[in-house]
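All remarks here apply to the structure that follows.
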Amino acid sequence: MKKKKAAIILGGGISGLSLAFYLRKNGYTKEICILEKSSRVGGWLESQTDQGFFFEKGPRTFRVSRSESLLTLIHDLHLEKELLFSSEGASSKYLFYNQKLQKVPSNPFSFLTSKLTRLLLLSLFREWKIPKNIEDESIHAFISRRFTPEVADSLFDAITTGIYGSDSKTLSISSCFPILKEWEREYGSITKGLFLHKKKKSVYPYKPSHLFTLKSGVGSLVTALEKEIKAEMITGQEGKHLTYKDGRFLVETESASYEAEDLFSAVPAPALAKMLHKDHKELSYLLGSIPYTNLSCVHFGYRKKVLPVTGFGYLVPFKEKEDILGVVFDSEVFSQQSSSEKQTRLTLMLPDRGLPDEKLYQLSVASLHKHLAISDFPDYISLTQCIGAIPKYLVDHQKKISDIQKIRTKELPKLQILGNYLSGASVNDSIAVAREVAEQGLLR
């Protein structure tokens, strides 16, 4: 028997929940039903305290200058008093480069003297004379062309790893760092763009460089959204097939069928591809061709101070051929979330290689010993397997998304799609897209 709903949102992650919130905020009064395949809503936003150690299972820190949509949602939910800003010491960042931990320059003097930025400094003057390339290219190719391969291998490969968990030689500069491509296009130079572009003024009175989270963790954002959106949330329901006929959508799961006039997809691209495979093969193929990164996050807790340095953490470029991609010093960034002043909390990111849990723990312990000379065994260990966590924006990703939208508009004009595979992988990007789709949905 078909269960009739006015509107269905596929996926109860931050995209789906934000969409429901902004539909309500903009006056959508019809019934909203959210279908989520897992046992809980919130997606990768999940906070956990276990044995006295607090950890985020997914995203944990947000920069003010890149989080206007997230901050707007926090204010719309009246959670601004829950904002927690990073400790002063968290401004120090490190790179494991040339087999040793090196501090990333944070002021003009250190920028001029650091071995890390010396190569960049020498190439800044020639960068003004490099011709434009209007075509998309990999991050590594772009930085190598405009600066040097060494700069691409060290600084930008590590930055790419920290954000996308992938190799800079495969990802698109236009999709991952669009501002750099925009500066090249508009000013003919990255360095010129850095000095000449007009900085967007934030509507919020927070220091742009500050990092923030919520006092009880980002999971409290999910809790607040659940209370506000007034929607029916059905978990354990994964869409298997999707059809559209006579102005109505039919979504079939393993155990039920749901019919709706309005349908919004906030599931990952491969999940939507499987649902459309039977009736919309070209659209399904394009969606299914978007790859995703799998990561393993190992959480270590110590009941004493073990770090030899203070700061945010460090990243490891792919060229170093290490077992880990980086480490976040959770207890240094947001010390207020520790249950004791002596506590140390670390999150290590590893590429997913299909290794057993015990092997991941061994690699993590060995890496901390090699990189930071930490010989103590952690008092607390947990693991988060982030399967399909981050979409890979390969070269010409924007063209692929444009093709997807054209076919969707032609074949399924009433289907609205959103998610982090479209135009930005961050939580902030997902919220921004959800808000835009909510406004479009009401205008249809």
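Read-outs: derived from the displayed coordinates by stated rules, not from any lab. Keep in mind the model is a prediction, meaning the values are calculated, not measured. Cβ atoms come from the backbone with ideal geometry, glycine included; neighbour counts cover every protein chain shown.
Listed values, structure above:
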| read-out | value |
| --- | --- |
| Burial ordering of 29, 347, 235, fewest other beta-carbon atoms within 10 Å first | 29, 235, 347 |
| Sequence ranges 204-212, 333-341, ranked by mean other-Cβ count within 10 angstrom, highest first | 333-341, 204-212 |
| Cross-link partners of residue 410 among aspartates and glutamates (Cα-Cα below 18 Å; sequence separation of 8 or more within a chain) | 246, 261, 262, 279, 282 |
| Sum of side-chain charges, residue 31 neighbourhood, beta-carbon under 13 Å (Lys, Arg +1; Asp, Glu -1) | +2 |
| Three-way shape label, the stretch 98-196, alpha-carbon gyration tensor, a/c 1.5 | oblate |
| Dipole of the stretch 316-385 [Lys/Arg +1, Asp/Glu -1 at C-beta], most positive-end residue of 365, 381, 316 | 316 |
| Under the Karplus curve 6.51 cos²θ - 1.76 cosθ + 1.60, θ = phi - 60°, whole-Hz ³J(HN,Hα) for the stretch 156-163, x wherever Gly or Pro sits | 6, 5, 5, 4, 4, 4, x, 8 |
| The stretch 98-196 - charge dipole about Cα centre, Lys and Arg +1 at Cβ, Asp and Glu -1, debye rounded to 20 | 420 debye |
| ³J(HN,Hα) computed for each position of the stretch 275-281 - Karplus, 6.51 cos²θ - 1.76 cosθ + 1.60, integer Hz, glycine/proline x | 6, 9, 4, 6, 10, 9, 5 |
| Mean Cβ neighbour count within 10 Å, used as a protection proxy, ranking 51-64, 374-387, 9-22 highest first | 9-22, 51-64, 374-387 |
| Dipole in debye (nearest 20) - the chain, about Cα centre, beta carbon charges: Lys, Arg +1; Asp, Glu -1 | 860 debye |
| For the stretch 8-16, Karplus couplings with θ = phi - 60° (6.51, -1.76, 1.60), whole Hz, Gly/Pro x | 10, 10, 8, x, x, x, 5, 5, x |
| 22 Å Cα-Cα reach of residue 406 towards lysines, excluding residues that sit fewer than 8 places from it in its own chain | 245, 274, 278, 281, 392, 414 |
| Options 131, 27, 70, ranked by Cα towards positive dipole end of the stretch 1-157, top entry (Cβ charges) | 27 |
| Amide H contacts of residue 313 (H built 1.01 Å from N, under 5 Å, at least 5 apart or other chain) | 94, 329 |
| Residue of 388, 419, 247 that the Gaussian network model of the chain assigns the largest fluctuation, springs spanning Cα pairs under 10 Å | 247 |
| In the stretch 98-196, lysine pairs with alpha-carbon atoms under 17 angstrom apart (chain gap of 8 or more, or interchain) | 8 |
| Rounded to 5, percent antiparallel among DSSP beta bridges of the chain | 70 percent |
| Furthest towards positive pole of dipole, 217, 106, 432, structure part the chain, Cβ charges | 106 |
| For 408, 303, order by how many other beta-carbon atoms lie within 10 Å, fewest first | 303, 408 |
| Of 429, 357, 262, the one that fluctuates the most in a GNM where the chain has Cα springs shorter than 10 Å | 357 |
| C-alpha long axis of helix 219-228 to longest principal axis of the chain, angle in ° | 20 degrees |
| Normalised contact order of the chain, rounded percent, pairs of Cα under 8 Å and 6 or more residues apart | 26 percent |
| Overall form of the stretch 141-207 per C-alpha gyration tensor (a/c, 1.5; a/b vs b/c) | oblate |
| Environment charge of residue 421, counting only residues whose C-beta is closer than 10 Å and scoring Lys/Arg +1, Asp/Glu -1 | +2 |
| Where trypsin sites (Lys or Arg not before Pro) fall in DSSP loop in the stretch 172-213, at most 10 other Cβ within 10 Å | 198, 199, 200, 201 |
| Cut-off 9 Å between beta-carbons: net charge of the residues surrounding residue 76, Lys and Arg +1, Asp and Glu -1 | 0 |
| Ordering of 314-324, 272-282 by packing [mean C-beta count within 10 Å, highest first] | 314-324, 272-282 |
